[in-house]
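Please find one structure pasted underneath; my questions will follow.
The values are calculated or read from the model by the stated rules, or taken from the named source; none is laboratory data. Not measured: the values here are computed from a predicted model. Every residue, glycine as well, gets a Cβ built from its backbone with ideal geometry; the counts of neighbours run over all protein chains shown. Quick note on the areas: whole protein, heavy atoms, side chains included, nothing else; ligands and nucleic acids left out. Shrake-Rupley method; radii C 1.70, N 1.55, O 1.52, S 1.80 Å.
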Amino acid sequence: MHAFANPKRFLSLANWLTPLLLVAGLVTTAGALWWGLTQVPPDRLMGETVRILFIHVPSAWLGMGGWTAIAISSLVYLVWRHPLAAIAARASALPGMVFTAICLATGSIWGRPTWGTWWVWDGRLTSMLVLLFLYAGYMALAQASEREGASSRIPAIFGLVGAINIPIINRSVVWWNSLHQPPSITMGKSAIAPEFLWPLLIATLGFSLIFGGVVLARMRAILADVQTEARLRRRAMEAV
């Protein structure tokens, strides 16, 4: 971890890993979605609408995974003061928010024929909506800190506090009477039929690779902006 906290070493890894993750993710996701959307049989109860599973579930996992990345990066920044950790947290926010929005949109589309309504104030749905607002709040704080030249401690603390919502999302269908189905995949067990499970897992892998590639690309862009700003500031000081 300390070795790759050096921006030069990080960039030497990210420069070739970013396109690799993006290409592998796009190919894997395309294959998994083709499999799930065209080859998997309709569900006995939900019919053809079950196919949204292959987009909805990976998006939900990565929505939560994005905030988990923010929380871990924020902890590393607060404890070890690694600037790249703060950059990693900022880079994870936008793709995490996008996947959360996709999860909410596909869940609403799926809920209309399944529950007869686009939205209910169910524990799982409400906590995912809160996650979307948390992402927006974190991004606003991070941008304000960058604009004012303030410390990244406040966004980092917000990232850690917001992580309280992740176990709430995960356990909401267990703690409260919920329209949302209970967990289908738990440690060592799955309630999903194999013909649905395998394309779902491959789709999740593909989405995860894309997420990783986007985060690395955003880290490179943020780091380039920071270095450019520092270089301009140094030249301005030399000119005085």
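Alpha carbons only, please: Rg and Dmax for the range 93-132, in angstrom.
10.4, 32
Based on the alpha carbons, how large is the Rg to Rh ratio for the range 1-123 when Rh follows Kirkwood?
The Rg/Rh ratio comes out at 1.10.
Something else now. Working from the pairwise distances between different alpha carbons, so that the mean of 1/r is found and then inverted, what is the range 56-154's Kirkwood radius in Å?
14.4
When the scattering of the range 5-53 is computed by the Debye formula from its Cα atoms alone, each counted once and equally, what is log10 I(q)/I(0) at q = 0.23, 0.24, 0.29 Å⁻¹?
-0.81, -0.84, -0.98
On average, how much area does the Cα convex hull of the chain cover when viewed from any direction, in nm²?
Approximately 15.0 nm², given one-decimal rounding.
Hey, another quick one. Can you show me the helix-derived [θ] at 222 nm for the chain, built from DSSP H runs with n ≥ 4 at -39,500 (n - 2.57) apiece and divided by the number of residues, rounded to the nearest 500.
So the helix-based figure for the chain works out to -27000 deg cm²/dmol.
How much net charge surrounds Glu195 when only other residues with a Cβ under 15 Å from its Cβ are counted (Lys, Arg +1; Asp, Glu -1)?
Surrounding charge for Glu195 is 0.
Next up: Percent of accessible area on the chain owned by carbon and sulfur, 1.4 Å probe?
Using a 1.4 Å probe with all protein chains present, the chain comes out at 69 percent carbon and sulfur.
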